[in-house]
Amino acid sequence: MANLLHHPLCSFSRSIRLALAECGVEVELNEEKPWEWRPEFLALNPAGTLPVLLPDDEGPITGSYAISEWLSDTLDERPIQGFQPFPGDPAARAEARRLVEWFHDKFHDEVTDYLVVEKVFRRFGPQSTSPDMEAMRAGHKNLRYHMAYIGHLTETRSWLAGDALSFADLAAAAHLSALDYLGEVPWEEHEAVKHWYALVKSRPSFRPLLQDRVAGFIPAGTYADLDF
């Protein structure tokens, strides 16, 4: 069985856990604390970032983008359980990739990094410090802008990138789920996003994520509630 090095609140890891489950790829999950800089981990990925996939018969595949492309390349053309990492014609696949980059780069840098990283990872890092409240205020402000954009996408398309569930939906849901664990998502202000997220959240691939727990942090009441 393949192994996936991950952290429960790492959004990049979460997106790959969802994609692997959607594709029916079974993996053994091994929690990694990247701030510890374990030599064995750095030997697999010198960048020291998550996730890292260790397939049965191949070397390490590092990073959410590389793993998602590996999944896409190793699948046939049939959608699996209604999911394909990058479905459709070249234009549709390009749009899915654009949105994956949006959430894993822009959303992460403007929201996740300010909220999840400040609130959780700073606490456990080698130089543990209190959250930067100015950064968190910026994250809350930026989140509302991003929620409005997701709402626009959900109101004009069946799924974020078009007519089919793609890795774009999983990337977005991964970031929102980490924020939702911490009670940071203003769902009541964004009904369209809430409806889309409920659809993704209710898929079987999401169930293991809803069981995640991080020491020192109790999940928000909405986190595991499918009818939130």
Residue by residue through region 99-115, the couplings from Karplus 6.51 cos²θ - 1.76 cosθ + 1.60 with θ = phi - 60°, in Hz, x for Gly and Pro, are 6, 4, 4, 4, 6, 6, 10, 5, 4, 4, 5, 9, 10, 4, 5, 7, 10
Of the DSSP beta bridges with both residues in the chain, give the percent that are antiparallel, rounding to the nearest 5.
55
Determine the calculated [θ] at 222 nm for the chain from helices alone, applying -39500 (n - 2.57) to every DSSP H run no shorter than 4 residues and normalising by the residue count; nearest 500 deg cm²/dmol.
-13000 deg cm²/dmol
Which far-off residues, 5 or more places away or on another chain, put their amide H under 5 Å from the one on Glu32, with H placed in the peptide plane?
His6, His7
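Take the solvent-accessible surface of the protein heavy atoms, probe 1.4 Å, and return the percent of it on region 1-62 that carbon and sulfur atoms account for. Show your work: numbers first, answer last.
Details: 1410 of 2700 Å².
Ligands and nucleic acids excluded, carbon and sulfur give 52 percent.
Percent of Cα-Cα pairs more than 16 Å apart in region 180-225, please. Numbers along the way, then the final one.
On the way: 415 of 1035 pairs.
Of all Cα-Cα distances in region 180-225, 40 percent exceed 16 Å.
Given charges of +1 on the Cβ of Lys and Arg and -1 on the Cβ of Asp and Glu, with all other atoms neutral, how large is the dipole of region 24-182 about its Cα centre, in debye to the nearest 20?
Working: 14 positive and 27 negative charges, 165 e Å.
That gives region 24-182 a dipole magnitude of about 800 debye.
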Where the convex hull is taken over the Cα atoms of the chain, what is its projected area averaged over directions, in nm²?
12.1
Any residue on another chain or 5+ positions along whose placed amide H is under 5 Å from the amide H of Ala2 is listed here as Glu28, Asp56
Express the carbon and sulfur contribution to the solvent-accessible surface of region 81-186 as a percent, rounded to the nearest whole number, probe 1.4 angstrom.
50
Estimated vicinal HN-Hα couplings, Hz - region 185-192 in sequence order (Karplus 6.51, -1.76, 1.60; Gly, Pro = x):
9, x, 4, 5, 8, 9, 5, 5
Once ligands and nucleic acids are excluded and a 1.4 Å probe is used, how much of Ser158 is accessible, expressed in Å² to the nearest 10?
80
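Roll a 1.4 Å probe over the protein chains and send me the accessible area per residue for region 71-228 in Å².
Values: 7620 Å² over 158 residues.
I get 48 Å² per residue for this part.
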Largest to smallest principal axis extent of the C-alpha atoms in region 46-169, angstrom:
48, 42, 21
In terms of the alpha carbon gyration tensor, root eigenvalues a ≥ b ≥ c, rounded if a/c is under 1.5 and otherwise prolate when a/b exceeds b/c or oblate, region 129-220 is oblate
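The values are calculated or read from the model by the stated rules, or taken from the named source; none is laboratory data. From a predicted model like this one, the values you see are computed outputs, not experimental measurements. We place every Cβ from the backbone using ideal geometry, glycine too, and count neighbours over all the protein chains shown. Please note that ligands, DNA and RNA were not included when accessible areas were found on the heavy atoms of the full protein model with its side chains. Shrake-Rupley method; radii C 1.70, N 1.55, O 1.52, S 1.80 Å.
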